[in-house]
Amino acid sequence: MVLDGAKALHKAVKEIFGSLALIQRCRIHKLRNVVEHLPKEKRSQAVWRLRGAWAKSTEQEALKELRKVVAWLETISPSAARSLEEGLQETLTLQSLGLPKELMASFHSTNLIESCFSRTESWTHRVKRWRDAKMVMRWGAAALLVAEAGFRRVRGCDHMSALIQALAVHQSKLEKGLKAA
């Protein structure tokens, strides 16, 4: 699941999917949350440091680099450092799965679904009076069909088999852990 920082959504995913749930925190939302705590002159440096850390190919390399960023942020804005530390490990879920960079480019943020929401909102924003739930469902479905025409292929879709395989490995590790317990 790719989520923003909403705690209620995080809790709901954990309640529904339990230990099977792998959560990738949206890096764009995380970046915005961290940067908003910084003075303007430090923002661009924070952006390139974070993007550089997240670009590392392995989880261990990225985590090591992110810890350096946290230490650097501590000297500038402790609240920015706390913001980065909160959910830090979940920003590296894609690296922990060992996915190809092409696929990580699509799944590191909530942009895929937010684009769909944006298109739906722009199509329905002029409706002033929603009569009933059926009208909402009809308009929502129609808006999604219109939005679908603008959908593009997921970047890295040729590597989806790697994602499926990584998720299967994750699930088998969980099952082994449950049997051992």
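The values are calculated or read from the model by the stated rules, or taken from the named source; none is laboratory data. These numbers were taken from a predicted model, which means no experiment stands behind them. Ideal geometry is used to build each Cβ from the backbone, glycine not excepted, and the neighbour counts take in all protein chains shown. Ligands, DNA and RNA are excluded from the accessible area calculation, which covers all protein heavy atoms including side chains. Shrake-Rupley method; radii C 1.70, N 1.55, O 1.52, S 1.80 Å.
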Among the candidates Gly5, Gly52, single out the residue that is of a type outside the set (A, V, I, L, M, F, W, C) and under 14 Å from the mean Cα position of the chain (by Cα).
Gly5
Among (1) at pLDDT below 85; (2) over 24 Å from the mean Cα position of the chain (by Cα), which single condition is Arg129 missing?
(1)
Considering only the stretch 27-57, how many residues are touching a Leu at 6+ places or on another chain (Cβ under 9 Å), outside any helix (DSSP H, G or I) and either open to solvent by 70 Å² or more (accessible area, probe 1.4 Å) or closer than 21 Å to Leu97 by Cβ (or both)?
2
Closer than 19 Å to Cys26 by Cβ, open to solvent by 20 Å² or more (accessible area, probe 1.4 Å), without any contact (Cβ under 8 Å) to a residue 60 or more places away in the chain and in contact with a Cys (Cβ under 9 Å, 6 or more places away or on another chain), is that true of Glu121?
no
Tell me, which residue of the stretch 15-27 that is at pLDDT 90 or above and more than 15 Å from the chain's Cα centre (by Cα) is farthest from Ser83 (Cα to Cα)?
Ile16
